[in-house]
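Heads up, the thing below is written out as structure tokens.
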Amino acid sequence: MEEAAKFDDARALYERALELMRVSKGESSVGYAVILSNMACLLRTETRYDEALQLFGEALVVIENSSDLTEDARYEMLETMRANALQTEAWQNEEELEILEFRATGHS
């Protein structure tokens, strides 16, 4: 199976997991946020940075507002998700810089 098809399969499974979590626990559950964050990591791997950042943002809001976590657990989850979002932004910026440098050398 080619890599793109594997990503498509993984994304479909995450979407199904999100739907199941939404129905069973709701969109404000920690589990929902974790799936969003994991799906964002998948999208980042596919260089779909804007979509990944959107999902990281949604996951962060859920964790910030969750009453189901201890303060330590909330802090750790927020730090991990923020670090992933920052890494995504860095990769996006690096890719954009490479494109600009490529164009500056006379390539279009």
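Quick notes
- Listed by first and then second residue, the pairs linking a residue in the range 38-56 that is touching a residue at least 40 places away in the same chain (Cβ under 8 Å) and within 13 Å of Glu89 (Cβ to Cβ) to a residue that is in a helix (DSSP H, G or I) and hydroxyl-bearing (Ser, Thr, Tyr), with Cβ atoms under 9 Å apart and 6 or more places separating them unless they lie on different chains, are Ala40/Thr88; Arg44/Thr88; Tyr49/Thr88.
- Selected residue (only one of Ser67, Ser29 is of a type in the set (S, T, N, Q) and farther than 19 Å from Glu15 by Cβ): Ser67
- Listed by first and then second residue, the pairs linking a residue in the range 4-21 that is surrounded by 15 or more Cβ atoms within 10 Å (Cβ to Cβ) to a residue that is aromatic (Phe, Trp, Tyr), with Cβ atoms under 7 Å apart and 6 or more places separating them unless they lie on different chains, are Leu18/Tyr32; Met21/Tyr32.
- Pairs are defined by a Cβ separation below 9 Å, a sequence spacing of at least 6 or placement on different chains, a first member in the range 63-84 that is under 20 Å from Tyr49 (Cβ atoms), and a second member that is modelled with pLDDT of 95 or more and not in a helix (DSSP H, G or I); no pair meets this definition.
The values are calculated or read from the model by the stated rules, or taken from the named source; none is laboratory data. Just so it is clear, the model here is predicted, and its values are computed rather than measured. Neighbour counts are summed over all protein chains in view; Cβ atoms, including those assigned to glycine, are modelled from backbone coordinates with ideal geometry.
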